[in-house]
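We did not get these values from a lab; they are worked out from the coordinates using the rules stated. Values in this document were obtained by computation on a predicted structure and should not be read as measured data. Cβ: placed from backbone, ideal geometry, glycine included. Neighbour counts: every protein chain shown.
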């Protein structure tokens, strides 16, 4: 899979109790939408690991 990020993306993630909060600018939302669409087209069990330094995609 070829992960694409829209130029200028900003995505913030925080934890509030048991809730995970994701906020993003327009470019960040477009980037996440593209990646979720791509993930939906993969075999069941595929997933993406995000962290502040890299992005790892694993197929089932």
Within the range 4-40, considering residues that are farther than 15 Å from residue 52 by Cα and either in contact (Cβ under 8 Å) with a residue 60 or more places away in the chain or in contact with a helix residue (DSSP H, G or I) (Cβ under 8 Å, 6 or more places away or on another chain) (or both), the one surrounded by the most Cβ atoms within 10 Å (Cβ to Cβ):
6
Restricting to the range 6-29, count the residues that are part of a helix (DSSP H, G or I) and over 13 Å from the mean Cα position of the chain (by Cα).
1
